Amino acid sequence: MSAIYPVILCGGSGTRLWPASRADQPKQFLKLIGETSSFQDTVLRVKDLPGRAEIVVVTGEAMTAFVLAQTAEIGVEVTVLIEPEARDSAPAVAAAAAYVQSRDPEGVALMLAADHYIAEPEIFAEAAVTAARAASAGWIVTFGVKPTSPATGFGYIRPGQALLDGSVSAVAAFVEKPDRATAERYVADGYLWNSGNFAFKAGMLLGELDAFEPTVSNAARACVAALKLDDGVARLDKAAFGQAAKISLDYAVMERTQKAAVVPAVFSWSDLGAWDAIWDAASRDAAGNAVFGDGTLIDSRNVLIRSTGPFVGVIGCEDLVVVAEPDAILVCRRDASQSVKALVDGLKRDGRSIASGRDREGAPRRVLATATGVQVEQWTLKAGETVELPIGAVQVLDGEVAGVGAYAAFAAATTATATTAATLLVTRRL
C-alpha cells in the first residue's frame, strides 16, 4: 500500500456556534468538548496511523498562528500550506494533492476536515487504512457514516456494487440534504451520511481535475512549482492560485467521476455544526445536562451550558442552550440551534463587529463608540494578517498596512494586509 499523507483542511468560521466561534477564533480551534480542540483531535487521530507520512494542513493566513500554536501544544510536526484567498474546497485540496505528488508520486492523500468529531479513533484508523488501500488501487474514496437518525442536515450516499474484497463499494449516487420523510426512506434503504472526508492517490485526483476542472489542477501545479517552505510553512502563490475556479470538491470531482467509492464507517461522527451537535457529542449527566465552565442547573433537563465568562445558573428549564462569552450571551432552544446563523447574519447587516470579533480589551476588534449611522472600532492586526476593511474611514494608529497609509477612506469594502503588527481606528458606516 502507498504511504498515507493526511491532509487537514482548516478553514471556515463556524457561524452556528456563535458566540464561541467567530472569525477571530473559529470553532476548529476551540476546546468545545474536551481538553483539546477538534483540530488537535484530527491531528492526533492520524499521528500514529499505519503507513502515515507527512501531515499537511491547508489553511488561511489568519489561522496560521492557531495551527502552529496548537500543533506545538500537542507535539506534532506538520507542513502548513497557506491559501492566499478562500476559493472553496477543490483548489485547496488540489494544491495539497500537487504537493503530495511532488513528495511521493504514489502517495495517497487522506483528506480530513479539521472541525469534525469522531468518538472512536481506533475505528476511524481501521476505516482510514481500508480507504487508503482502495485509493492505492485507483479509487477516490469517501467515508460514508452509518446514520444514527434520519438527519436532514447531511448529504447522503447510495452505495452500489461491492469492490475489491467487499470492504468498499462503488458510489451509486450522491444525494443532497433531504426532507424528513426522504431521510427516513434513505436510512431504511441503507444510505450513508456523506462525511466530506476522502482518500485518493494524489495523481489520480489531479488527473480527474484535468478532465473536469483543468483550471484547478493547473493552478495547483503552478502553486507547488513556485512553493518555498520556511520551517514547514509555505504560502501558495496568489496569482497562480487565483486562476483556479471557485468550486467544491464534490461538484468538481465526486459527482462527476466514475472512480468514486465509499467505505462504510461505523464510528460515531458529527460535523459539530451547531450547539445541538455539541450537546449530542458531550458527556451528560443523568438528566441529560452538559456543563462546560462555571454553571449550575436546578430542576432542568437536556440543557447545555458553556461559559468562558460569567457564572450561569439555569432553573426549571428543558432543551435549552446557554452560551456565555465575556462580551456576548446566547440563549436558545436546542432545536433552534440552526437559527443562530440568522442571528449572526442580522448582526453583520447591522454592522456589529461582535458578529465576527471579540469585543473586549486587548481583543482583535473592540467597539469604542456608536452614534447615528456610524460605529468607531479599534482593530489589532498581526503581521501578515489580511482583513476586509468596511465602507468608511481607517486611521493607522501604529504599524503599517499595505495600501492604506496613515489614513484612508473607502467607498466599498476593501481587502488589506498588515505589513507589520498594526492598530487601526476604523469608523464604519452602519
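Here is how the numbers come out for the structure above:
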| item | result |
| --- | --- |
| Test: residue in the range 217-234 that is within 30 Å of Thr152 (Cα to Cα) and of a type in the set (D, E, K, R) | no |
| Considering residues of the range 177-203 that are aliphatic (A, V, I, L, M) and closer than 21 Å to Gly160 by Cβ only, the residue nearest to the chain's Cα centre (by Cα) | Ala199 |
| Qualifying position, being in contact with a Gly (Cβ under 7 Å, 6 or more places away or on another chain) and either in contact (Cβ under 8 Å) with a residue 12 or more places away in the chain or over 23 Å from Arg235 (Cβ atoms) (or both), among Thr423, Thr419, Thr386, Thr414 | Thr423 |
| Flag if Leu347 is under 28 Å from the mean Cα position of the chain (by Cα), without any contact (Cβ under 8 Å) to a residue 24 or more places away in the chain and over 28 Å from Asn194 (Cα atoms) | yes |
| Residues (of a type in the set (A, V, I, L, M) and within 21 Å of the chain's Cα centre (by Cα)) located in the range 217-268 | Ala220, Val233, Ala234, Leu236, Ala244, Ala245, Ile247, Leu249, Ala252, Val253, Met254, Ala265 |
| Positions within the range 252-270 being of a type outside the set (Gly, Ala, Ser), surrounded by fewer than 17 Cβ atoms within 10 Å (Cβ to Cβ) and in contact (Cβ under 8 Å) with a residue 24 or more places away in the chain, in sequence order | Glu255, Arg256, Val266 |
| Selected residue [crowded, with 17+ Cβ neighbours inside 10 Å, modelled with pLDDT under 90 and under 25 Å from Thr59 (Cα atoms)] from Ala416, Ala402, Ala421, Ala383 | Ala416 |
| Residue in the range 138-152 that is surrounded by fewer than 16 Cβ atoms within 10 Å (Cβ to Cβ) and more than 20 Å from Ala281 (Cα to Cα) present | yes |
| Filter result (of a type in the set (Asp, Glu) and either in contact with a strand residue (DSSP E or B) (Cβ under 9 Å, 6 or more places away or on another chain) or surrounded by 18 or more Cβ atoms within 10 Å (Cβ to Cβ) (or both)) within the range 222-237 | Asp237 |
| Answer residue from the range 322-335, given it is surrounded by fewer than 16 Cβ atoms within 10 Å (Cβ to Cβ) and without any contact (Cβ under 8 Å) to a residue 40 or more places away in the chain and is nearest to Ala281 (Cα to Cα) among those | Arg333 |
| Any hit, the range 380-401, residues being hydroxyl-bearing (Ser, Thr, Tyr) and either within 26 Å of Ala290 (Cα to Cα) or out of contact with any strand residue (DSSP E or B) (no Cβ under 7 Å at 6 or more places or on another chain) (or both) | no |
| Ala286 being part of a loop (DSSP other than H, G, I, E, B) and without any contact (Cβ under 8 Å) to a residue 60 or more places away in the chain | yes |
| Test set (1) outside the structural domain of Arg301 (by TED's automatic domain parsing); (2) in contact (Cβ under 8 Å) with a residue 60 or more places away in the chain; (3) surrounded by 12 or more Cβ atoms within 10 Å (Cβ to Cβ) - Val374 fails condition number | (2) |
| Residue match in the range 169-191 (condition: closer than 30 Å to Leu68 by Cα and either assigned to a loop (DSSP other than H, G, I, E, B) or in contact (Cβ under 8 Å) with a residue 40 or more places away in the chain (or both)) | no |
| Only listed residue being in the same structural domain as Lys27 (by TED's automatic domain parsing), touching a Lys or Arg at 6+ places or on another chain (Cβ under 9 Å) and buried (at least 18 other Cβ atoms within 10 Å of the Cβ), chosen from Ile82, Ile74, Ile157 | Ile82 |
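The values are calculated or read from the model by the stated rules, or taken from the named source; none is laboratory data. Small disclaimer: the values here were computed from a predicted structure and weren't measured. Cβ coordinates were reconstructed from backbone atoms using ideal geometry, including for glycine residues, and neighbour counts include every protein chain displayed.
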